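Novice: Sending over a structure as structure tokens; questions will come in a sec.
The values are calculated or read from the model by the stated rules, or taken from the named source; none is laboratory data. Remember, it's a predicted structure, so these values are computed and weren't measured experimentally. Note that we place each Cβ from the backbone using ideal geometry, even for glycine, and neighbour counts take in every protein chain shown. Just so you know, the surface numbers come from the protein's heavy atoms only, side chains and all, with ligands and any DNA or RNA stripped out. Shrake-Rupley method; radii C 1.70, N 1.55, O 1.52, S 1.80 Å.
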Amino acid sequence: MSANGSPSGQQPTATYDSAFLRACRREAVSHTPVWFMRQAGRSLPEYHKVREGVPMLESCTRPELVTEITLQPVRRHNVDAAIYYSDIVVPLKAIGLDLDIKPGVGPVVEQPIRTRADLARLRDLTPEDVSYVTEAIGMLTRELGATPLIGFAGAPFTLASYLVEGGPSRTYENAKAMMYGDPELWADLLDRLADITAAFLKVQIEAGASAVQLFDSWAGALSPADYRHSVMHASAKVFDAVAGYGVPRLHFGVGTGELLKLMGEAGADVVGVDWRVPLDEAARRVGPGKALQGNLDPTVLFTDKNTVEAKAREVLDAAAGLEGHVFNLGHGVMPNTDPDALTRLVEYVHTATAR
């Protein structure tokens, strides 16, 4: 593969010179690119309309619906990248695990993974298991043209947390108990999840995704020592598995200020930063050679236009010396966010950074 993600010898893809991919590669841009985590979904009335009566996981398996939902924020907000509409548990469902996403709760696993015998339920993921992903991304890339599509997956630690706990958790007591008390089982669990995650990302890249983001949503529950010793190798395995495609690899977690350097070392080209650490400080922690993504507090969008612009300016000022910067929120768009506030924010960042 060449550096643009297309087979060696072919011409660069339509997205290669987009502001988003240039920023990921730490190259000069005409403006700071903007996209938002969870931009496709709950804050948009058009999303609720097309999702009416369709369960979450089912919606992720309908290519036409996935395409429409993924495109909605691109049309409305003029963001610089689309992110594939899916959920981090989709590959786990695809290999036959009995799980569902319950409204107001999140992913719930019928039979948690607690023993070595349970690992047998985590079989390899094949492209045929997620043929709807290949179909949807083909449809999307034709519609998006020069706008990049970001593929994504949940990181092994976050997936393991759901599987061991049986659902969302604030304490991760079962997952951490396995990590500390049965480190061999824990390592084997994360290794299996790394293989499944890598296979899921490969399907997305081969179908046409221009970049991929690994969401380690719950890694902030770990100390740096525990992350390095018990988790980092699995994320690194995922990043290594897709390195040959040449597409930018993004890495994001919540509450991971103490882990930023390690998350970069795991293999990311772009390190996502939540709102807790200013980007100039994050750059010092991560070190050279990485672009950064972030990091406006999502709750700022509930204030007035002047306040949003002032807080966005603070983010841009903190990012002024970075090698590469992708503007984003410090976490996902909140459900009650006014979509017009997002549209105005994109316009502001584009205008304020035009060069």
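Novice: Find the percent of Cα-Cα distances in the range 167-215 that exceed 16 Å, and round it to a whole number. Walk me through the numbers before you get to the answer.
Specialist: Working: 665 of 1176 pairs.
The proportion of pairs with Cα distances above 16 Å equals 57 percent.
Novice: Would you please put 235-242, 25-32, 278-285 in order of how densely packed they are, using the mean number of other Cβ atoms within 10 angstrom per residue and starting with the highest? Intermediate values should be presented prior to the final figure.
Specialist: Values: 235-242: 20.5, 25-32: 16.4, 278-285: 18.5.
Per-residue mean Cβ counts within 10 Å order the peptides as 235-242, 278-285, 25-32.
Novice: So what are the ³J(HN,Hα) numbers for the range 172-188, from phi and the Karplus equation (6.51, -1.76, 1.60; θ = phi - 60°), rounded to whole Hz, Gly and Pro as x?
Specialist: 3J(HN,Hα) across the range 172-188, in whole Hz: 6, 5, 6, 5, 5, 5, 5, 4, 7, x, 9, x, 5, 4, 4, 5, 5.
Novice: Additional query: Pairwise over distinct Cα atoms, reciprocal of the mean inverse distance: report the Kirkwood radius of the range 283-347 in Å, one decimal place. Each step should come with its number before you reach the end.
Specialist: On the way: mean 1/r = 0.0798 Å⁻¹.
The Cα-based Kirkwood calculation yields 12.5 Å.
Novice: Can you pull the one-decimal nm distance between simple spin-label points at GLU258 and ARG121, each 7 Å off the Cα toward Cβ?
Specialist: 3.2 nm
Novice: Same structure, new question: Using every alpha carbon pair in the chain, what percent of pairs falls into each 20 Å bin from 0 up to the bin containing the largest distance?
Specialist: Pairs per bin, as whole percents: 32, 62, 7.
Novice: What span do the alpha-carbon atoms of the range 228-355 cover on each of the three principal axes, reported in whole Å from largest to smallest?
Specialist: 44, 33, 27 Å, listed from the longest principal axis down.
Novice: Expressed as an acute angle from 0 to 90° and rounded to the nearest 10, what is the orientation of the C-alpha long axis of helix 339-353 relative to the principal long axis of the chain?
Specialist: The helix 339-353 is inclined about 60 degrees to the chain.
Novice: Then there's this: Give me the orientation-averaged projected area of the Cα convex hull of the range 1-130, in nm², one decimal. Could you put the intermediate results ahead of the total?
Specialist: Details: hull surface 44.8 nm².
For the range 1-130, the mean projected area of the Cα convex hull comes to 11.2 nm².
Novice: Also, I was wondering about something else. Hey, got the dipole for the chain? About the Cα centre, +1 on K and R Cβ, -1 on D and E Cβ, debye to the nearest 20? Provide the component values of the computation, followed by the final result.
Specialist: Working: 34 positive and 44 negative charges, 91 e Å.
Here the chain has a charge dipole of around 440 debye.
Novice: With each run of n ≥ 4 DSSP H residues scored as -39500 (n - 2.57), what mean residue ellipticity at 222 nm is computed for the chain after dividing by its residue count and rounding to the nearest 500 deg cm²/dmol?
Specialist: -13000 deg cm²/dmol
Novice: Also, quick follow-up: Given springs between every Cα pair under 10 Å in a Gaussian network model of the chain, which of THR337, THR70, THR147 has the largest fluctuation?
Specialist: Fluctuation is largest for THR337.
Novice: In addition: Just tell me which aspartates and glutamates come within less than 19 Å, Cα to Cα, of LYS93; anything on the same chain fewer than 8 places away is out.
Specialist: Cross-link targets: GLU58, GLU110, ASP118, ASP124, GLU128, ASP129, GLU135, GLU165, ASP191, ASP195, ASP216.
Novice: Can you compute log10 of I(q)/I(0) for the range 191-287 with the Debye formula, treating each Cα as one identical point scatterer, at q = 0.13, 0.17, 0.19, 0.23 Å⁻¹?
Specialist: Here the Debye-derived log intensity ratios amount to -0.42, -0.71, -0.87, -1.19.
Novice: Can you work out the accessible area per residue across the chain, with the rest of the protein chains kept in place, probe 1.4 Å, in square angstrom? Don't skip to the answer; put the middle values down first.
Specialist: On the way: 14290 Å² over 355 residues.
I get 40 Å² per residue for the chain.
Novice: Follow-up. I'd like the Kirkwood hydrodynamic radius of the range 84-225, using the inverse of the mean 1/r over distinct C-alpha pairs, in Å.
Specialist: 15.8 Å
Novice: Which percent, to the nearest 5, of DSSP beta bridges fully inside the chain are antiparallel?
Specialist: Details: 4 of 27 bridges.
In the chain, approximately 15 percent of DSSP beta bridges are antiparallel ones.
Novice: Give me, ordered by chain and number, the residues 5 or more places off GLN213 or on other chains with an amide H under 5 Å from its own placed amide H.
Specialist: GLY151, PHE152, ALA153, LEU250
Novice: Using packing as a proxy for protection, rank 101-107, 316-322 so that the peptide with the highest average count of other Cβ atoms within 10 Å comes first. Present the calculation step by step, with values, prior to reporting the outcome.
Specialist: Working: 101-107: 12.9, 316-322: 16.1.
The most tightly packed comes first, giving 316-322, 101-107.
Novice: For the chain, set up a Gaussian network in which alpha carbons nearer than 10 Å are linked by springs, and say which option among GLY166, GLY151, GLY181 fluctuates the most.
Specialist: Top of the fluctuation ranking is GLY181.
Novice: Between GLU128 and GLU206, 0.36 nm times their residue separation minus their Cα-Cα distance comes to what? Intermediate values should be presented prior to the final figure.
Specialist: Numbers: separation 78, 0.36 × 78 = 28.08 nm, distance 1.33 nm.
In short, 26.8 nm is gained.
Novice: Taking only Cα atoms, what is the 0 to 90° angle, nearest 10, from helix 232-242's long axis to the longest principal axis of the chain?
Specialist: 70 degrees
Novice: May I pose another question? In square nanometres, what is the average projected area of the Cα convex hull of the range 57-104? Walk me through the numbers before you get to the answer.
Specialist: On the way: hull surface 16.6 nm².
Value for the range 57-104: 4.1 nm².
Novice: Computing the accessible area with a 1.4 Å probe over protein heavy atoms, can you report the carbon and sulfur percentage for the chain? Numbers along the way, then the final one.
Specialist: Numbers: 7170 of 14290 Å².
Carbon and sulfur together cover 50 percent of it.
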